[in-house]
Amino acid sequence: MIKARLRYIATALLITTSSAGIAADKDALKAQIISSVDRQAGSLTALSDEIWGHAEIAFKETQSAAALIKHAEEHGFRVETGIGEIPTAFVAEFGSGKPVIGIMGEFDALPGLSQASVPTRSPLVEGAPGHGCGHNVFGAASLGAAIAVKEQIEAGEISGTIRYYGTPAEEKFFGKLWMIRAGAFDGVDVMMDWHPGDNIEASAQSTQSLVDFLVEFDGQSAHAAGDPWNGRSASDALELYAHGINAYREHIEPTVRIHYHIMDAGKVVNVVPDYSKIWVRVRDRSREGMTPVYERVKEMAEGAAILADVGYKVTLISGVHEILVNRTGGATLQANLETLGSISYTAEEERYAKAIQEATEKPQVGMDAEVKPFRETEKNPPGGSTDVGDVSFVVPTISLSAPIAPKDVPWHSWAVVATGGMSIGHKGLVYASKALAMTMIDLYEDPDLIEAIKEEFKERKGDYEYEGILPPGPPPLDFKQ
């Protein structure tokens with residue numbers, strides 16, 4: 001995109017050629033921001049550790065949301081709860097008028113990843129959830145950044161509104177979709193986002209669009225030995241359906257991914273199953289590419305049902321868009337990362353990191369603490385999806401990656417839980433909070449920057465009209481997980 005590239009260059013020049021007075025003012029404000037986050041470090045790490053301990057899964061994050069809400073209210077934020085009919089979704093706001101800058105915080109955990117803060121696999125509670133994606137750190141760091149900005153608004157140093165978005169169920173169901181449908185993001189000028197990772201980078205990369213749906217088959221039970229001819233097996237239909245998906249993989253684009261999870265295939269061996277259920281997920285680099293694959297895989301359910309002589313039902317759960325990249329905002333964040341520089345780790349933290357790498361059979365290189373250059377946007381994003389993508393189609397969004405885990409360890413694993421609840425995770429939290437808040441200072445102080453970010457957003461979005469991938473009605477709070 002030539003225009004976007006020229007805008008990025010112009011923005012970089014704007015940052016470096018600002019008048020000495022404005023630059024000095026910004027530097028002073030950013031110094032105060034850094035001091036604020038340093039003062040908050042103890043309370044923010046305690047908040048993160050509390051959420052790490054709760055480790056609550058999608059739509060069940062009652063204690064985690066309550067801890068974040070309490071912390072926001074104690075710092076003078078006005079809080080609205082129950083956004084989008086989700087009890088754990090909330091918005092905390094301070095200030096008034098324009099600009100309105102938002103920042104997102106997630107806090108849901110993943111099933112089955114319970115882990116102590118030790119560098120070998122050691123569940124605290126066997127089979128219980130754990131924060132294998134670092135959302136305990138995510139939610140706390142974003143709130144710390146919002147508090148630092150709030151202090152500057154309260155002191156009269158900057159003017160406008162800061163909004164912290166408590167966004168549940170990112171790992172499953174994608175709670176932001178219902179928040180968008182409820183209008184929670186209306187009126188926001190720019191949105192800040194980050195995600196725990198294993199490096200420091202201003203993200204200019206997209207993600208994958210996806211859709212989640214259930215397929216259920218209904219047949220007729222019978223004795224598996226006595227009169228199987230009287231049965232119509234829902235399990236047969238499920239197996240045929242899965243085989244169809246796997247045969248289809250040869251004939252789809254390399255960027256497409258299809259996953260499934262068999263949820264029910266019968267209860268006992270001597271009964272022809274009359275019911276089966278499978279959860280299917282289709283991804284591609286864009287919604288445009290994902291949709292036809294989704295439609296084809298849905299059609300396969302009918303074919304499997306015909307072959308097994310059973311009934312079937314397809315139910316949409318939800319889906320997400322890819323992230324709409326904003327390089328203008330990313331360049332601004334990059335400048336602040338370069339100001340902050342790298343993260344320093346102790347010898348003990350490096351030993352801990354290398355022990356986890358050894359346990360997960362990765363090169364024992366320790367932490368990756370250096371600020372990465374601002375990369376060109378790749379045509380084909382790496383694997384992974386997020387409902388931040390949907391927000392980015394509604395509000396221009398700036399994204400950050402900051403390290404809370406050793407280089408290259410498996411994500412969504414015990415290894416991330418092990419570092420997210422100790423000093424390595426805490427350092428990533430403090431760093432992210434500073435970088436996000438410093439970038440928000442640039443936004444509050446520079447209306448032209450906000451306009452440039454919005455112009456790139458409009459150009460990249462084009463004439464596409466956003467439509468969320470979710471069924472009508474309330475979110476599936478009672479979904480059997």
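The values are calculated or read from the model by the stated rules, or taken from the named source; none is laboratory data. What you see is a predicted model; the values in this text were computed from it and never measured. With ideal geometry, Cβ positions are generated from the backbone for all residues, glycine too; neighbour counts draw on all protein chains shown. Note: areas computed on protein heavy atoms with side chains; ligands, DNA, RNA excluded. Shrake-Rupley method; radii C 1.70, N 1.55, O 1.52, S 1.80 Å.
List of remarks:
- Checked against the criteria, Ala202 counts as assigned to a strand (DSSP E or B) and either of a type in the set (Phe, Trp, Tyr) or over 12 Å from the mean Cα position of the chain (by Cα) (or both).
- So Ala202, is it surrounded by 22 or more Cβ atoms within 10 Å (Cβ to Cβ), closer than 24 Å to Ile33 by Cβ, touching a Phe, Trp or Tyr at 6+ places or on another chain (Cβ under 9 Å) and hydrophobic (A, V, I, L, M, F, W, C): yes
For (1) assigned to a loop (DSSP other than H, G, I, E, B); (2) on the phi > 0 side of the Ramachandran plot; (3) open to solvent by less than 50 Å² (accessible area, probe 1.4 Å), each residue gets a yes or a no:
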site	(1), (2), (3)
Lys434	no, no, yes
Leu449	no, no, yes
Lys458	no, no, no
Glu467	yes, no, no
Gly473	yes, yes, yes
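- Of residues in the stretch 51-67 being of a type in the set (A, V, I, L, M, F, W, C) and free of Cβ contacts under 8 Å to residues at least 60 places away in the same chain, the one least open to solvent (accessible area, probe 1.4 Å): Ala67
- Filter pass, Gln364 being out of contact with any Ser or Thr (no Cβ under 7 Å at 6 or more places or on another chain), free of Cβ contacts under 8 Å to residues at least 60 places away in the same chain and not in a helix (DSSP H, G or I): yes
- In the stretch 344-376, the residue that is farthest from Trp414 (Cα to Cα) out of those that are hydroxyl-bearing (Ser, Thr, Tyr) and open to solvent by 50 Å² or more (accessible area, probe 1.4 Å) is Ser344.
- Filter result for Ile441 (in contact with a Pro (Cβ under 6 Å, 6 or more places away or on another chain) and either in a helix (DSSP H, G or I) or buried (at least 24 other Cβ atoms within 10 Å of the Cβ) (or both)): no
- So Val391, is it under 16 Å from Gly105 (Cα atoms), in contact (Cβ under 8 Å) with a residue 24 or more places away in the chain and out of contact with any strand residue (DSSP E or B) (no Cβ under 7 Å at 6 or more places or on another chain): no
- Top-ranked residue in the stretch 238-289 [being open to solvent by 50 Å² or more (accessible area, probe 1.4 Å) and of a type in the set (S, T, N, Q); ranked as farthest from the chain's Cα centre (by Cα)]: Asn270
- Only one of Glu80, Glu151, Glu126, Glu106 that is touching a residue at least 60 places away in the same chain (Cβ under 8 Å), of a type in the set (Asp, Glu) and open to solvent by 10 Å² or more (accessible area, probe 1.4 Å): Glu151
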